[in-house]
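The values are calculated or read from the model by the stated rules, or taken from the named source; none is laboratory data. In this text the structure is predicted, and so the values were computed from the model without any measurement. Counting neighbours? That spans all protein chains shown, and the Cβs are built from the backbone with ideal geometry, glycine included. We work out accessible area using only protein heavy atoms, side chains counted, and drop any ligands, DNA or RNA first. Shrake-Rupley method; radii C 1.70, N 1.55, O 1.52, S 1.80 Å.
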Amino acid sequence: MAIELVGATYRYAGTAVPALGPLDLRVEPGAVTGVVGANDSGKTTLCLVAAGMAPAVVGGKLAGSVIIDGVDAAGLRPHELAQLCGLLLQHAATQLTHTTATVFEEVAFGPCNLGLPANDVIERVWGALGAVGIDALAPRDPARLSGGQAQLVALAAVLALRPRYLVLDEPTSELDPAGTAMVADALVRAARETGAGILLAEHKTDVLARIADRMVVLDAGTAAISGGAPEVLADPRLAGLGVDPPVRVRLERAILSAGIELSTSAREVLA
């Protein structure tokens with residue numbers, strides 16, 4: 001049970017050079033796999049491919065395979081993909097319907113379109129709102145939310161479909177530190193409480209240092225570095241690949257370069 005990319009190579013329509021691949025990747029249930037890379041390294045393309053949206057929705061050509069829980073994504077329809085793998089894009093406004101009067105109705109929109117009984121829809125909505133910690137926002141107008149709140153509502157709307165996996169493309173890029181913390185906490189809660197596997201493309205490496213289990217560093221659409229999150233985020237090659245290491249790593253390096261030896265307790269504080 002996993003999302004598996006096997007030799008996946010994707011090329012947008014009208015282009016000769018692949019935007020992604022060849023790439024092998026595995027996203028396990030209940031774990032957070034982080035993706036970093038410089039601009040145009042393939043992060044968004046990877047998200048679209050892993051969620052089955054490329055080429056099914058956006059066109060282009062995919063070589064290799066994308067398997068979701070043993071099923072080839074190429075054979076699934078968009079509504080089937082949405083229940084297997086939820087996709088959250090960078091801009092929350094693009095995923096809100098702008099047709100509902102309350103957050104509760106916004107989150108209920110997807111389950112209602114699945115034709116579920118009313119009791120099941122209500123259960124899913126409250127479960128999704130609780131999973132991301134925004135129960136209190138249920139009666140609010142979706143048009144009158146902060147950026148962080150809107151992103152959490154979009155995440156809850158995806159969770160209400162109960163996908164087995166979540167694919168997120170830089171969900172905190174437009175958020176301040178408080179909003180970023182809200183989304184990061186919600187992702188940790190979602191992985192823990194729903195068991196969803198999460199693929200998170202994110203340029204804020206401090207967020208990934210906090211919540212990711214494994215990491216992939218993309219360079220020109222291929223995996224330049226991969227492995228456990230602590231090891232990858234401390235890899236000295238990151239800067240050369242256009243990725244800023246987490247503050248903890250930079251601070252530790254600055255201290256060591258100054259000739260100061262770190263004690264075990266100091267290392268624990270930095271961690």
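Worth a mention:
- Tallying residues that are outside any helix (DSSP H, G or I) and open to solvent by 60 Å² or more (accessible area, probe 1.4 Å) within segment 160-183 yields 4.
- For segment 196-216, taking the residues that are in a helix (DSSP H, G or I) and among the hydrophobic types (A, V, I, L, M, F, W, C), the one that is most open to solvent (accessible area, probe 1.4 Å) is identified as A209.
- Segment 143-158, residues that are closer than 17 Å to V183 by Cα and either of a type in the set (K, R) or open to solvent by 20 Å² or more (accessible area, probe 1.4 Å) (or both): L145, S146, G147, Q149, A157
- When segment 100-129 is filtered for residues that are modelled with pLDDT of 95 or more, surrounded by fewer than 16 Cβ atoms within 10 Å (Cβ to Cβ) and in a loop (DSSP other than H, G, I, E, B), the ones remaining, listed by number, are A101, T102, P117.
- Residue list for segment 35-48, restricted to those being small (G, A, S) and part of a loop (DSSP other than H, G, I, E, B): A38, S41, G42
- Filtered residue count, segment 145-179, keeping only those that are of a type outside the set (G, A, S) and modelled with pLDDT under 85: 3
- Segment 143-159 residues that are farther than 15 Å from D185 by Cβ and in a helix (DSSP H, G or I), paired with ones that are open to solvent by 10 Å² or more (accessible area, probe 1.4 Å) and among the charged types (D, E, K, R) (beta carbon under 7 Å, 6 or more apart): G147/E174
- If you check A181, A196 for being of a type in the set (G, A, S) and closer than 18 Å to V247 by Cα, only one passes: A181.
This table checks each residue for (1) over 25 Å from A19 (Cβ atoms); (2) of a type in the set (A, V, I, L, M).
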site: I198; (1), (2): no, yes
site: D206; (1), (2): yes, no
site: D219; (1), (2): no, no
site: L238; (1), (2): no, yes
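- None of L62, L114, L84 is closer than 15 Å to R164 by Cα and of a type in the set (A, V, I, L, M) except L84.
- Taken over segment 49-99, the residue count meeting the criterion of being polar (S, T, N, Q) and in a strand (DSSP E or B) is 1.
- Residue in segment 39-66 that is modelled with the lowest pLDDT, counting only those that are of a type in the set (A, V, I, L, M) and surrounded by fewer than 16 Cβ atoms within 10 Å (Cβ to Cβ): V57
- One residue stands out among those in segment 2-31 that are modelled with pLDDT under 95 and closer than 24 Å to A191 by Cα: the one that is surrounded by the fewest Cβ atoms within 10 Å (Cβ to Cβ), which is G30.
- Looking only at segment 130-141, and only at residues there that are of a type outside the set (G, A, S) and touching a residue at least 24 places away in the same chain (Cβ under 8 Å), the one that is surrounded by the most Cβ atoms within 10 Å (Cβ to Cβ): V132
- Residues in segment 36-57 that are of a type in the set (A, V, I, L, M, F, W, C), touching a residue at least 24 places away in the same chain (Cβ under 8 Å) and closer than 21 Å to H79 by Cα: L46, C47, L48, V49, A50, A51, M53, A54, A56.
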